[in-house]
Amino acid sequence: MSKKSIDDILSGLENEGEKESVKEDKEKTPVKFKKKKKKSWKKRIILSLLVIFLVGGSIAGVKAYMLAQKIFKGEGLPGLLGLLGQEKLKGEAEGRINILLLGMGGENHPGGTLTDTIMVASIKPDTKEVAMLSIPRDLYVEVDGHGEDKINAAHALGEQKGSGEGMALAAETVSKTLDIPIHYTVRVDFEGFSKIIDAVDGVDVDVKEDLYDPYYPDGGSYYVEAGQHHMNGEEALKYARSRKTTSDFDRAKRQQQIMGAVKAKVLTADTLLNPTKMGEILGALGDHIKTDMQVWEGQRLAQMFKDVDQGKIISRVLDNSDDGPLVSSNAYGAYVLLPRSGNFEEVQNIAKNIFTNSNLWDEAAKVQVQNATGSSGQAKKASDRISGMGLKIEDITTSGEINSETIIYDYTNGAKPKTIEFLEKEFCVTAVKKSDPTGMYDITIVVGKDQLSEN
């Protein structure tokens, strides 16, 4: 390929976004042409190498890149400099990247801009650990500029201001509710969800138990028996959407299962390094999925997720189970979910500590907290400190004694080592091993006066 032809291609690609902007605004603003600045030699070499790779490797590679522009937020070809490692992803320096995943019906469905699926996928770049936290659509929260509403309305309310505003308002709402930063947002509608699965020739799903839903949306019924299934896009969508005979929380778990199955198919070398296959996927999704990532950010994240062990993904659902952080209510004239404790502190603890305390969730220790400080409310304050960590706070009570120091009684006979280790660090004491006189708890925390300054 001649130097002249490379220059011609570079000029065309680099100025493509500029030309589109001129085309859109030509009737509004007179076009003023500025003298083109000389590009640095480093940038020129990088761009040349990229073009040689795309053109020399496959026309399909160019097609895949151009299709990606419909999905990703971009600043033209220079944004691909991030692929060379010159830029870090948002959140990467802090050790955790949070991505908001939104699923909605789309333009052909009633309430199509309401989000049926709200999920935060987090990845730790250094360890390649991944956690997925599902947020129920009926959670009642504060939506900036709109008062209190169900969290699934945030996207729809934002879209009323303009296309694309919904993702921003949804991200802001989730961020404030969970008290964690949302670095990126991805939105997909039902048709896009189905198409991406078809584009990778279906996904393998282990259905844990029979599922029958005679009230499935769109005027039909749905049934799938327990066992291994290879699902196409339509089947996977039904499996992920069904809820009438189970619950929103069960549905959230199935959605996480499907997301894991999609990850297993899409984020492989056979797919990621195949421009033709990527072109097919991006072409199918162009009108059905949007994100605020740039192309290079999407590719970097895909590479990170590719190395994740599917069996080690942490999955959590905010729910209203007996030990869950939420409770059902009709206090606002409709069915909503509210934080059990009266504030979002426990919910925020779950979101913030989803990686560090995953072992505590697995151990699920039953804990009693006693107040031995002589000051009212200290057992509740202590329990709030450890709520959302995976422990089951079974009882909060007042001790018949006043203690200067906190005592942790370990009744587990070594069965809950991670929980004991966590509590010893949290309360700065060594646990005392003994038998539970009641047989009801794994651990009793007797809060002493030494914790007054902490609480």
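If you check LYS366, LYS416, LYS434, LYS352 for being over 30 Å from VAL174 (Cα atoms), of a type in the set (Lys, Arg) and surrounded by fewer than 22 Cβ atoms within 10 Å (Cβ to Cβ), only one passes: LYS434.
A quick yes/no check of all residues on (1) assigned by TED's automatic domain parsing to the domain that holds ASN343; (2) over 22 Å from VAL347 (Cβ atoms); (3) touching a residue at least 40 places away in the same chain (Cβ under 8 Å):
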| site | (1), (2), (3) |
| --- | --- |
| ILE151 | yes, no, no |
| LEU157 | yes, no, no |
| GLU165 | yes, yes, no |
| VAL174 | yes, no, yes |
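Within the range 439-448, does at least one residue satisfy the condition of being touching a Phe, Trp or Tyr at 6+ places or on another chain (Cβ under 6 Å) and more than 20 Å from TRP361 (Cβ to Cβ)? Yes; the residues of the range 439-448 include at least one that is touching a Phe, Trp or Tyr at 6+ places or on another chain (Cβ under 6 Å) and more than 20 Å from TRP361 (Cβ to Cβ).
Condition check for VAL347 on (1) over 13 Å from ASP384 (Cα atoms); (2) outside the structural domain of THR412 (by TED's automatic domain parsing): one failure, at (1).
If you go through the range 135-165, how many residues are at pLDDT 90 or above and hydroxyl-bearing (Ser, Thr, Tyr)? The number of residues fulfilling the criteria is 1.
When only residues in the range 172-212 that are surrounded by fewer than 17 Cβ atoms within 10 Å (Cβ to Cβ) and in a strand (DSSP E or B) count, which is modelled with the lowest pLDDT? Among those residues, the one meeting the criterion is TYR212.
Step by step: first the residues of the range 399-413, then only those that are polar (S, T, N, Q) and surrounded by fewer than 14 Cβ atoms within 10 Å (Cβ to Cβ), then the one that is farthest from ASP323 (Cα to Cα). Which residue is that? Talk me through it step by step, then tell me what you get.
Our first condition is that a residue be polar (S, T, N, Q); within the range 399-413, this holds for 399, 403-404, 406, 412-413.
Applying the additional criterion that residues be surrounded by fewer than 14 Cβ atoms within 10 Å (Cβ to Cβ) yields 404, 413.
Values: SER404: 30, ASN413: 23 Å.
So the residue we want is SER404.
Residues that are under 14 Å from the mean Cα position of the chain (by Cα), within 23 Å of ASP319 (Cβ to Cβ), at pLDDT 95 or above and of a type in the set (S, T, N, Q): does the range 94-102 have at least one? Yes; the residues of the range 94-102 include at least one that is under 14 Å from the mean Cα position of the chain (by Cα), within 23 Å of ASP319 (Cβ to Cβ), at pLDDT 95 or above and of a type in the set (S, T, N, Q).
Out of VAL308, VAL295, VAL336, one residue alone is modelled with pLDDT under 85, on the phi < 0 side of the Ramachandran plot and buried (at least 21 other Cβ atoms within 10 Å of the Cβ). It is VAL295.
Residues in the range 298-354 that are of a type in the set (S, T, N, Q) and closer than 17 Å to GLN256 by Cα: how many?
Within the range 298-354, the subset of a type in the set (S, T, N, Q) is 299, 303, 310, 315, 320-321, 328-330, 341, 343, 348-349, 353.
Now drop any that are not closer than 17 Å to GLN256 by Cα, which leaves 310, 315.
So the answer is 2.
The values are calculated or read from the model by the stated rules, or taken from the named source; none is laboratory data. Since the model is a prediction, treat every value here as computed from it, not as a measurement. Note that each Cβ is placed from the backbone with ideal geometry, even for glycine, and that neighbours are counted across all protein chains shown.
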